[in-house]
1. Within region 171-182, track down each residue that is of a type in the set (A, V, I, L, M) and open to solvent by less than 10 Å² (accessible area, probe 1.4 Å).
2. Pick out, from region 357-419, the helices (runs of 4 or more DSSP H) lying fully within it that include 3 or more residues that are modelled with pLDDT of 80 or more and either open to solvent by 50 Å² or more (accessible area, probe 1.4 Å) or touching a Pro at 6+ places or on another chain (Cβ under 7 Å) (or both).
3. Anything in region 248-273 that is under 17 Å from Thr196 (Cα atoms) and modelled with pLDDT of 50 or more? List them, or say none.
4. Of all residues in region 1-54, which are in contact (Cβ under 8 Å) with a residue 40 or more places away in the chain, within 26 Å of Ser303 (Cα to Cα) and among the β-branched types (Val, Ile, Thr)?
5. Please find, among Arg234, Arg179, the residue that is among the basic types (Lys, Arg) and modelled with pLDDT under 85.
6. Looking at region 319-342, can you tell me whether even one residue there is over 23 Å from Leu462 (Cα atoms) and either surrounded by 19 or more Cβ atoms within 10 Å (Cβ to Cβ) or not hydrophobic (A, V, I, L, M, F, W, C) (or both)?
7. Condition (residue is among the small types (Gly, Ala, Ser) and under 13 Å from Leu154 (Cα atoms)) applied to region 117-127: is it met by at least one residue?
8. Restricted to region 139-170, and to residues that are in contact with an Asp or Glu (Cβ under 9 Å, 6 or more places away or on another chain), part of a helix (DSSP H, G or I) and of a type in the set (Phe, Trp, Tyr), which residue is surrounded by the fewest Cβ atoms within 10 Å (Cβ to Cβ)?
Amino acid sequence: MGRVAVAVIVSLWVIPITLMVNHIVPEPYMDEIFHIPQAQQYCRGNFRSWDPMITTPPGLYYLSLAHVALFPSMLWLRSSSSFSDLCSTAILRSSNGALTIICAMLLFEMLVHLRPDLDERKATLYTVVLALYPLHWFFSFLYYTDVASLTVVLSMYLACLKKHYHFSSLLGALAILIRQTNAVWVLFVACDGAITFLGSHQNVNVQLDASDVSIRKNAQLSEERSVPMGTNLRKRKMLGVVNIVNHSSSAASSSTHVPAGLLNELRVIILGMWHLKWELMVYFGPFLVVLLAFAMFILWNGSVVLGAKEAHAVSPHFAQIMYFGLFSALAMAPLHFNLQQAAFLHQSLWKRKPLSFFPGIILLAAGIVSVHFFSIAHPYLLADNRHYTFYLWRKVIKAHWSVKYLLVPVYVYSWLSIFSTLGKIQKKIWVLVFFLATAAVLVPAPLIEFRYYTVPFYFLILNSRISDTKSYLIMGMLYIAVNIFTMMMFLFRPFHWKHEPGTQRFIW
């Protein structure tokens, strides 16, 4: 078992399903009509050509060039074909298949690193389930940026966890080159690394201080024993020293306890950053360089996106963060939607009433304001019925005017459950940074697109301690059912273009 087993298991579905997709859907599909011709231009060496409808940078195309040039299965083709001829739809899609296998191996490494108590058999099972996550699984067979983006972001995160900070920052630059919103995750990973660095340095200092106090205490006690009993003055002085040492030892031992409050955590981190500012600059300065370079690009480009700027203008879509909370909680349903979790949240909210009423009221009010004033129906959402979001919007959220308000308590419960789950493993400041990073990625996006949830979902589930194998098995069965249904609809319910006066819509 282990990473090799994960690679083999994932290959068992990636290879045959990729072949089946290429056989039934050989032509570019949806956004592939932009990405595949652009990648083929790069294969011809035409790096100055650019489709103005493409919003993301060319990182995916560079990875595809490397895949075509280096992948072993292409060796026999290169002898009989030109390089540009190798960049067919099927071969370009296969680059995402290869990245899917690499991504699964990265997930295994991260699970083992974050949870060293896991044996290889469980880690392998958990990794396979995570690789089946529907939003990641489906796009493994198409030429989209999602799989490449997730793979490089997870590589960056793993490098940071292993304290290879400079290499992690280089991977962060590559992640931004694939998708601009990954700049937020570069900042998040840097913050995660800084928090961990400060925590480990603090723990080392506490251990050294406690050891030093113990040594000095023993030395003083030995010296006290050597003093004659008649010298009362010297004895009183030595007892005073011992009392001071005892007080210092108590202070040192108490400093090992991390303050529970968010403000206290923030204060400790700020003080630690000030005392270790030069070390932090050495280790995490490259992350700042990457982010400053991206900020300069935004100033030069005039926008975050490259093309189709009007359709992807930044919008205050605060309802998006509510959708993510519910969607992710449902994807981890065995953890969040059970009686034990509901009872835990109820107890947590009511243990200090009436003060506990205020956070709940504030969250509910924020949710109502978000769905009422900041719920956006993007034209792309209403025009294309090949997406689940099209039906969720029309058949659920818009089924009645009251539905979007009735869903607010469910959104709030989902986020409270997520906060409580992360809070059991991570510091409160980490949970806050994760929430802010997720909001920074999702809120500006006017289009409800579940693909945008993939990266924050993996950060969420990797840092949620799901120890029950049964929960993972239930999640795996849920994922498989969704994947089978989605793939059957994709392969065997083809669409045709229907033109209606004044509108254009895809019809199944």
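1. Ala175, Ile178
2. 357-373
3. Ala260, Leu262, Asn264, Glu265, Leu266, Arg267, Val268, Ile269, Ile270, Leu271, Gly272, Met273, listed by residue number.
4. Passing the criteria: Ile36, Ile54.
5. Only one candidate qualifies: Arg234.
6. Yes; the residues of region 319-342 include at least one that is over 23 Å from Leu462 (Cα atoms) and either surrounded by 19 or more Cβ atoms within 10 Å (Cβ to Cβ) or not hydrophobic (A, V, I, L, M, F, W, C) (or both).
7. No - not one qualifying residue is present in region 117-127.
8. Phe139
The values are calculated or read from the model by the stated rules, or taken from the named source; none is laboratory data. Since the model is a prediction, treat every value here as computed from it, not as a measurement. We place every Cβ from the backbone using ideal geometry, glycine too, and count neighbours over all the protein chains shown. Remember, those area values only see protein heavy atoms, side chains included, never the ligands or the DNA or RNA. Shrake-Rupley method; radii C 1.70, N 1.55, O 1.52, S 1.80 Å.
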